[in-house]
Amino acid sequence: MPGRTPDAFDFLDAAHEMATTGRPTLARLLAEEAAALITDPEEAARILRDFPGGSLRLKDC
């Protein structure tokens, strides 16, 4: 969406779409981005549980 920054809902919606279309790695990465924007740690953990796999985020870039 031009002109606006994606929010957690946008990332989560895209994650579900990627999971549905057989792209679990991309789904996990999008879920991690959504979880990073959530202030409630329990909700962030729930999001990550819905998209299994190890973290794909780069550390110390």
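The numbers here are math on the coordinates, done by the rules we state, and not lab data. Please read all numbers here as calculations on a predicted model, not as lab measurements.
In table form, for the structure just shown:
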item	result
Principal axis dimensions, largest first and in whole angstrom, of the chain by Cα	32, 28, 27
Relative contact order for the chain, counting Cα pairs under 8 Å that sit 6 or more residues apart, in percent	30
